[in-house]
1. Condition (residue is among the hydrophobic types (A, V, I, L, M, F, W, C), surrounded by fewer than 14 Cβ atoms within 10 Å (Cβ to Cβ) and assigned to a loop (DSSP other than H, G, I, E, B)) applied to the range 51-73: is it met by at least one residue?
2. Before we move on, is residue 48 closer than 30 Å to residue 181 by Cα, outside any helix (DSSP H, G or I) and either at pLDDT below 95 or polar (S, T, N, Q) (or both)?
3. Run residue 16 past the list (1) in contact with a Lys or Arg (Cβ under 7 Å, 6 or more places away or on another chain); (2) charged (D, E, K, R); (3) surrounded by 16 or more Cβ atoms within 10 Å (Cβ to Cβ) and report the number of the one that doesn't hold.
4. May I ask you to list the residues in the range 13-34 that are over 19 Å from residue 118 (Cα atoms) and either touching a Leu at 6+ places or on another chain (Cβ under 9 Å) or of a type outside the set (D, E, K, R) (or both)?
5. Give the range 84-118 a look and list any residue that's within 11 Å of the chain's Cα centre (by Cα) and closer than 23 Å to residue 74 by Cα, or say none.
6. Quick one: how many residues across the range 19-36 are free of Cβ contacts under 8 Å to residues at least 60 places away in the same chain, surrounded by 13 or more Cβ atoms within 10 Å (Cβ to Cβ) and closer than 13 Å to residue 144 by Cβ?
7. Does residue 115 satisfy being in contact with a helix residue (DSSP H, G or I) (Cβ under 7 Å, 6 or more places away or on another chain), crowded, with 19+ Cβ neighbours inside 10 Å and either of a type in the set (Gly, Ala, Ser) or modelled with pLDDT of 95 or more (or both)?
8. So for the range 55-77 (the condition being within 13 Å of the chain's Cα centre (by Cα) and within 29 Å of residue 172 (Cα to Cα)), does at least one residue qualify?
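The values are calculated or read from the model by the stated rules, or taken from the named source; none is laboratory data. Since we're looking at a predicted model, the values are computed, not measured. When we count neighbours, we look across all protein chains shown, and the Cβ atoms used for this are built from the backbone with ideal geometry, even at glycine. What goes into the accessible areas is simple: the full protein's heavy atoms, side chains included, and nothing from ligands, DNA or RNA. Shrake-Rupley method; radii C 1.70, N 1.55, O 1.52, S 1.80 Å.
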Amino acid sequence: MGKSIYIAEKPSVAREFAKALKLNAKNRDGYMESENAIVTWCVGHLVTMSYPEEYDPALKKWSLDTLPFIPDDFKYEVIPQVAKQFQIVSGLLTREDVDRIYVCTDSGREGEYIYRLVDDMAKVSSDKEKRRVWIDSQTEEEIKRGIKEAKLLSEYDNLSSAAYLRAKSDYLMGINFSRVLSLKYGRTIMDYLNNGKWSAVSVGRVMTCVLGMVVRES
C-alpha cells in the first residue's frame, strides 16, 4: 500500500493536519513526511492565468485595435515567486509511491480552484484516488472528521467548474475594461492630477466594489 498525501492551502493549516494525524513526521523542504503519509501546502495560489502577451507578444502593447481580448483557450502558468513550492508539490503529487491524495485546501470555491489548478498543471494521474476534506474549523476533532468523511474529489466537479468560470469572467473583465478605460481616460486623469504621469485605470472584481463604496460614502 502506498502513501497518502494531505495538501493544505497554507503552511499553518498543514501543521494542524500533521498534528491532528499525530504523524511522526520529519520536516523537509516544503513538506513533512512520515512512514505512511506526506503533508504539504500551496502557500495560496501557485498557478495563475497568463497575461495576453503570452498568447501573442504583440498584445503587450495596449491598443483599442486588439480589444476585446477573448481567447478560445485560456493559458495558465506557475507564479514565479512560488515556483519552488510548485515544483515540490508537483513532485510529491506525482510520486509513484503516493496513491491517495487528500485535498485539504480551504472549504469553498477559491480553495477548490487553488488545488485544481495545481492538479491540472502538474498533470496528476487520474489513477490516484483523490478525496476532498471539507471542514468548518481546524480543531483536531474537525480535521479527523473531515478526513474520515472525505468524499471523492469528483463529487466537487461542479464547484470546480464554477470556480474556473468565475476566474475567467474576472480575468476578461479586468483585462479588457482596465485597458479600454486606461486608453480612453488615462491622459484625462493625468491632466486632472497635473502630475505628468499617465495613469492606468484598474478594474477588477474586488477593487471595483470597494471603489464604489468609497464613492458612495464620500
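1. Narrowing the range 51-73 to residues among the hydrophobic types (A, V, I, L, M, F, W, C): 58-59, 62, 64, 67, 69-70.
Checking the rest, the ones that are also surrounded by fewer than 14 Cβ atoms within 10 Å (Cβ to Cβ) come to 58, 64, 70.
Now drop any that are not assigned to a loop (DSSP other than H, G, I, E, B), which leaves 70.
Looking for residues that are among the hydrophobic types (A, V, I, L, M, F, W, C), surrounded by fewer than 14 Cβ atoms within 10 Å (Cβ to Cβ) and assigned to a loop (DSSP other than H, G, I, E, B), one finds at least one in the range 51-73, hence yes.
2. Numbers: closer than 30 Å to residue 181 by Cα: yes; outside any helix (DSSP H, G or I): yes; either at pLDDT below 95 or polar (S, T, N, Q) (or both): yes.
Judged against the criteria, residue 48 is a match.
3. Of everything listed in (1) in contact with a Lys or Arg (Cβ under 7 Å, 6 or more places away or on another chain); (2) charged (D, E, K, R); (3) surrounded by 16 or more Cβ atoms within 10 Å (Cβ to Cβ), residue 16 misses just condition (1).
4. Kept after step one, since they are over 19 Å from residue 118 (Cα atoms), are these residues of the range 13-34: 15-28, 33-34.
Matches in the range 13-34: 17, 18, 20, 21, 23, 24, 25, 27, 33, 34.
5. 109, 110, 111, 112, 113, 114, 115, 116, 117, 118
6. 1
7. Values: in contact with a helix residue (DSSP H, G or I) (Cβ under 7 Å, 6 or more places away or on another chain): no; crowded, with 19+ Cβ neighbours inside 10 Å: yes; either of a type in the set (Gly, Ala, Ser) or modelled with pLDDT of 95 or more (or both): yes.
Considered against the rule, which asks whether it is in contact with a helix residue (DSSP H, G or I) (Cβ under 7 Å, 6 or more places away or on another chain), crowded, with 19+ Cβ neighbours inside 10 Å and either of a type in the set (Gly, Ala, Ser) or modelled with pLDDT of 95 or more (or both), residue 115 comes out as no.
8. Our first condition is that a residue be within 13 Å of the chain's Cα centre (by Cα); within the range 55-77, this holds for 76-77.
The next check asks that each one be within 29 Å of residue 172 (Cα to Cα); those that pass are 76-77.
Checking the range 55-77: at least one residue is within 13 Å of the chain's Cα centre (by Cα) and within 29 Å of residue 172 (Cα to Cα).
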